[in-house]
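Peer 1: First, the structure itself, so that you have it in front of you.
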Amino acid sequence: MILQAIKISNQFYLNNFLRIFQTCILSVILVSALSANSPYLSSSSSIVSVIVSTFLQVHLTCMLMMVTADIINNSQQSAINYYFKSVFYIVPLLLVGLIVGFVLILGFAAFILPGIFLLGKLIFAQYFLLLRGKGVLESIELSWQIASEKAWNLGLVIFGMVLVWGLFISSISSLLINDSNALEPGLIFFTSVSSFIVLNIYLNTFLIHLFIIEENQ
């Protein structure tokens with residue numbers, strides 16, 4: 001199942017990357033700009049920036065999932081529609097993210113392996129919410145029903161992808177720290193955009209195809 005999804009996702013990513021990125025580009029730039037400048041804000045302004053950035057990141061995630069799903073289904077909407085419709089999913093998707101995130105923190109705190117298993121178990125909750133119109137708790141419950149063996153495999157793959165990319169970015173960034181032991185805003189901006197292009201778009205593509213394959217089995 002996972003190998004099949006990877007094979008499909010590789011081709012899909014190459015064929016549709018530009019269309020996805022063009023649709024989401026304004027949100028990507030805004031989120032990246034906030035990330036780049038937040039270390040240089042005052043404490044009060046920094047808190048506001050984190051809150052705003054969080055909501056914008058959730059909005060961007062909604063857009064990314066919608067655009068990808070529509071391409072898979074040979075459907076198309078205007079960019080404005082994606083920006084507008086995603087607003088209504090911010091709160092429920094944020095609630096799912098908070099619940100799942102809290103569970104994962106507990107799991108990874110317990111020597112990592114439980115976190116990997118829980119990651120595989122709960123990763124589809126956001127897709128049940130956004131693509132199948134389920135409620136917050138129902139989405140989590142439906143995602144939890146994935147078989148344990150599949151959850152382990154899926155958790156390991158996702159954890160591996162994120163870890164490899166994180167190590168790569170950290171290695172590059174460590175070579176470019178300025179005299180104040182901080183990263184320049186331009187580098188933070190570039191890192192954020194690169195992560196969206198390389199990791200977020202591909203990982204979302206992979207997970208949606210895997211979600212569809214799992215549903216059809």
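Peer 1: Quickly run through the stretch 108-157 and pick out the residues that are touching a residue at least 40 places away in the same chain (Cβ under 8 Å), surrounded by 17 or more Cβ atoms within 10 Å (Cβ to Cβ) and of a type in the set (S, T, N, Q).
Peer 2: Result: Gln126, Ser139.
Peer 1: Same structure again: Within the stretch 1-38, how many residues turn out to be among the hydroxyl-bearing types (Ser, Thr, Tyr) and in contact with a His (Cβ under 7 Å, 6 or more places away or on another chain)?
Peer 2: The number of residues fulfilling the criteria is 2.
Peer 1: Out of the residues in the stretch 201-217 that are surrounded by fewer than 20 Cβ atoms within 10 Å (Cβ to Cβ) and of a type in the set (S, T, N, Q), state the one that is modelled with the highest pLDDT.
Peer 2: Result: Asn216.
Peer 1: Determine which single condition Ser49 fails, assuming it passes every other condition in (1) loosely packed, with under 12 Cβ neighbours inside 10 Å; (2) farther than 26 Å from Leu119 by Cα.
Peer 2: Result: Ser49 fails condition (1) only.
Peer 1: Would you pick out the residues in the stretch 70-83 that are surrounded by 12 or more Cβ atoms within 10 Å (Cβ to Cβ) and outside any loop (DSSP other than H, G, I, E, B)?
Peer 2: Of everything in the stretch 70-83, those that are surrounded by 12 or more Cβ atoms within 10 Å (Cβ to Cβ) and outside any loop (DSSP other than H, G, I, E, B) turn out to be Asp70, Ile71, Ile72, Ala79, Asn81, Tyr82, Tyr83.
Peer 1: Looking at the stretch 92-105, can you tell me whether even one residue there is aromatic (Phe, Trp, Tyr) and not in a helix (DSSP H, G or I)?
Peer 2: No - not one qualifying residue is present in the stretch 92-105.
Peer 1: Restricting the first residue to the stretch 158-173 and requiring it to be at positive phi and at pLDDT below 90, which pairs with a second residue that is not in a helix (DSSP H, G or I) and not polar (S, T, N, Q) meet a Cβ separation below 7 Å and a spacing of at least six or different chains?
Peer 2: Pairs that qualify, where the first residue is at positive phi and at pLDDT below 90 and the partner is not in a helix (DSSP H, G or I) and not polar (S, T, N, Q): there are none.
Peer 1: Going by the structure shown, is Ser44 assigned to a helix (DSSP H, G or I), surrounded by fewer than 12 Cβ atoms within 10 Å (Cβ to Cβ) and at pLDDT below 95?
Peer 2: yes
Peer 1: Keeping to the stretch 89-107, report how many residues are under 18 Å from the mean Cα position of the chain (by Cα) and either buried (at least 16 other Cβ atoms within 10 Å of the Cβ) or under 15 Å from Lys134 (Cα atoms) (or both).
Peer 2: Within the stretch 89-107, residues that are under 18 Å from the mean Cα position of the chain (by Cα) and either buried (at least 16 other Cβ atoms within 10 Å of the Cβ) or under 15 Å from Lys134 (Cα atoms) (or both) number 13.
Peer 1: Going through the stretch 134-169 one residue at a time, which ones are among the basic types (Lys, Arg) and in a helix (DSSP H, G or I)?
Peer 2: Lys150, the sole residue that qualifies.
The values are calculated or read from the model by the stated rules, or taken from the named source; none is laboratory data. No experiment lies behind these values; they were computed from the predicted model shown. Cβ atoms come from the backbone with ideal geometry, glycine included; neighbour counts cover every protein chain shown.
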